[in-house]
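Below: the structure, in structure tokens.
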Amino acid sequence: MEEISKTTILQPLTLIQKSTDNSKEPEEDICVCLFCEHTEKNEKDNKKILSHIFYAHRLIISDAHEIADLKEYLAYWKEQFKAQTIEEFCTTMLLKQLPDGTKTENDEKYYLLADIVPRDKEIRIKLQKKLIEKALERHQFERSDKNFIRGCLFCRQQIPTTRYDYIEHLYSKHFLQLGRPENLVFVDELIDFIEEKLEAKICIYCEKIFKDRATLKEHMRKKGHKKINPDIKAYDRFFMINYKIKEDSSAQVSERKLPFIQKRNSEEDEEKVIFCNDDQEWSEWNEKENEILIICLFCSHKSENFDAILSHMQEVHKFNYEQVTVNFNFYQKVKLINYIRRKIHLKQCLSCEENFENHEMLLNHLNNENHLVCDLKSFDKPEFFFPTFEDDTFLCHLDSFNDEEDEMSEDSFGPVVSEDRNLTINEDAEMLSREKFIEI
């Protein structure tokens, strides 16, 4: 009977087993007040415990949001205040008001604990170094771990591979931009965070809530919201570039800089940032901050002016964009641009679909054979709703360029419906688009 009981299945099994070692209860993650035994759950902003410390003990902790581990920080100072008085470490302030803002006639005493005190600065740096070491250790593990397996957030395909390949799958198959894999850390938690938002039908970029998953997916696709918003601080801890040592009180420990959408204030800030990709990447981004360039549909010519690009295409490539698209609606123009981009990248003729060895031969063929004319049936397909290149600035100018034309169309043919609510893009066509998509 004992042998039978050991092999009896008492609960349902899953294909992917998680650790069921319950030998140790997980330690409760709480912060303890540094003056009393009041506790609060250790949260991201820790507003509750900081509010208690201020209202109950009138202590203000300077730049508390920059402390790497507030739980250990409070525990450290709790021990210090047992042996020494608060005045020995804190700046005393006298104000004629209570913590709730009520005015008083008598002076009320408040305290400020800041890193101008050497011991406070020392513990802050120590905690920050500890956090960096933890991030580095986890980053190294995620780079070398070959046993990662997880279902895709979208197609639910089980991907038994590395975390890097998983991130690449999300980008190449579903166009979800979480950043370069080598720049990410705590990837498991990041994916959990994204999955929670998707299951709650919340856009990961603008955080709007939608009634169903289909509407959310359509919103993220149309608005280009399949990426991380740099203004949402919750994402900061998942990027290695945000881990650095604070050198003085004016520096920010967790300055929010995402690898692919980072803004920098000065060259000195650049030198302090660790884990940058390379100088070329940063210089390229610096150029993009100052100007937004539009690229020709057929060659690498760039210009800040949309009209100048149209003139260039007409003069150099004999392609009159205005004439070609005169009878096209907005969505047909989008699909035409994406179609041309894809064909040029694949070195394939727009009309006869002949392949060429290099870009120059293709352009000569297009001009000599007059194959710049695109048949509507060739590109007016759902698969060309998806851009070939990420952040194609040519597409951004279609609205402003056709404002007058759109107003005339509305007057002549009635209101223009942007998109039927019941319209669903054919999944086979979408998959075809993803297969043909090539990352540049």
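Of note:
- Protection proxy ranking of 133-140, 342-349 - average other beta-carbon atoms within 10 Å, highest first: 342-349, 133-140
- Surrounding net charge for residue 79, when Lys and Arg each add one and Asp and Glu each subtract one, Cβ distance under 13 Å: +2
- With θ taken as phi - 60° and the Karplus curve 6.51 cos²θ - 1.76 cosθ + 1.60 applied, the whole-hertz 3J(HN,Hα) list for segment 112-120 is 10, 9, 9, 7, 6, 7, x, 5, 5 Hz, x standing for glycine and proline.
- Potential extension, residue 44-residue 233 segment - 0.36 nm per residue separation minus Cα distance: 67.0 nm
- Amide N of segment 129-170 lying under 13 Å from the label point, which is placed 7 angstrom from the Cα of residue 84 along Cα→Cβ: none
- Shape of segment 51-115, Cα gyration tensor, a/c cut at 1.5: prolate
- Label separation (residue 328 vs residue 392): 0.9 nm, computed from points 7 Å beyond Cα along the C-beta direction.
- Separation of the residue 58 and residue 302 label points, Cα + 7 Å toward Cβ, nm: 6.0
- Label-zone membership for segment 155-178, site residue 146, 7 angstrom Cα→C-beta point, backbone N under 18 Å: 159-166
- Rounded if a/c under 1.5, otherwise prolate or oblate - segment 24-74, Cα gyration tensor axes: oblate
- Unsatisfied cross-links (Cα-Cα over 27 Å) in the set 233/381; 41/78; 41/126; 211/333; 82/121; 173/347: 233/381; 211/333
Only the coordinates and a few stated rules stand behind these numbers; no lab work does. Quantities reported herein were computed from a predicted structural model and do not represent experimental measurements. Using ideal geometry, Cβ is built from the backbone for each residue, glycine included, and neighbour counts are taken over all protein chains shown.
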